[in-house]
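Asks: Below is the structure I would like to discuss, written out as structure tokens.
The values are calculated or read from the model by the stated rules, or taken from the named source; none is laboratory data. This one's a predicted model, so the numbers in the text were calculated from it and none came from an experiment. When we count neighbours, we look across all protein chains shown, and the Cβ atoms used for this are built from the backbone with ideal geometry, even at glycine.
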Amino acid sequence: MLNAEAWRPTVIRAPLSAISGRAPDPFERLFLLEYPKVVAIAYRVLADRPAAEDIAQEVFLKFHRSFNPDSERASGWLHAAAVHSALNVIRGERRRAQRETAHALDRSLTAGSDPEHLVEAAEQRREIRRALSRLPERSAAILMLRYSGLSYAEVAVAVGIKVTNVGTLLRRAEEALRKEVNRATSE
């Protein structure tokens with residue numbers, strides 16, 4: 001029989017008086033109070049204890065860099081960040097699995113492919129690489145990141161631009177690449 005409570009980690013809250021005496025630093029006090037809850041929240045999403053602990057560490061690190069530990073919204077922010085970070089891990093794993101599946105199903109990479117087709121595909125890839133090398137660095141980076149499977153948000157962070165600008169810059173980079181490829185093939 002499946003015990004639904006077995007997968008839930010127990011959250012043991014220490015009394016505030018016991019923690020307050022040991023941890024005069026406000027961040028340390030917040031950490032000792034909220035860490036078990038943040039881990040439990042991430043664990044409920046991921047069902048993986050070590051991954052949940054990693055998420056909790058990342059969440060506390062982000063919090064420590066950006067916020068005051070005495071804030072009344074600290075625990076709410078930590079809990080929400082734990083959920084979002086855990087969901088991002090799941091999304092990232094899903095995207096990685098999709099890329100790996102797409103790569104495995106790519107007919108041009110299979111051993112039974114027509115040799116002529118393989119040579120043509122390899123030459124086309126070389127032409128595209130040469131055209132990419134002639135593009136401005138940021139345009140080439142945006143194209144490579146986006147077509148490697150990264151989301152607009154991930155591309156924006158990697159290149160250091162606003163998420164709202166990624167689509168426009170991507171379209172411009174695609175057009176520039178198209179022109180470079182056409183120019184190279186017409187010569």
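Asks: What are the residues in region 115-146 that are exposed (fewer than 11 other Cβ atoms within 10 Å of the Cβ) and hydroxyl-bearing (Ser, Thr, Tyr), if any?
Replies: Correct list: SER133 only.
Asks: Within region 121-176, can you find the residues that are basic (Lys, Arg) and not in a helix (DSSP H, G or I)?
Replies: The first filter runs over region 121-176 and keeps only residues basic (Lys, Arg), leaving 125-126, 129-130, 134, 138, 146, 162, 171-172.
LYS162 - this is the single residue of region 121-176 that is basic (Lys, Arg) and not in a helix (DSSP H, G or I).
Asks: Moving on. For the list (1) surrounded by 14 or more Cβ atoms within 10 Å (Cβ to Cβ); (2) hydroxyl-bearing (Ser, Thr, Tyr); (3) more than 22 Å from GLU174 (Cβ to Cβ), I need the number of the one condition that SER71 fails.
Replies: (1)
Asks: Continuing with this model, one more query. Sort through ARG96, ARG178 and tell me the only one that's in the same structural domain as ASP54 (by TED's automatic domain parsing) and among the basic types (Lys, Arg).
Replies: ARG96
Asks: Determine if region 36-49 includes at least one residue that is acidic (Asp, Glu), modelled with pLDDT of 90 or more and part of a helix (DSSP H, G or I).
Replies: No, the conditions are met nowhere in region 36-49.
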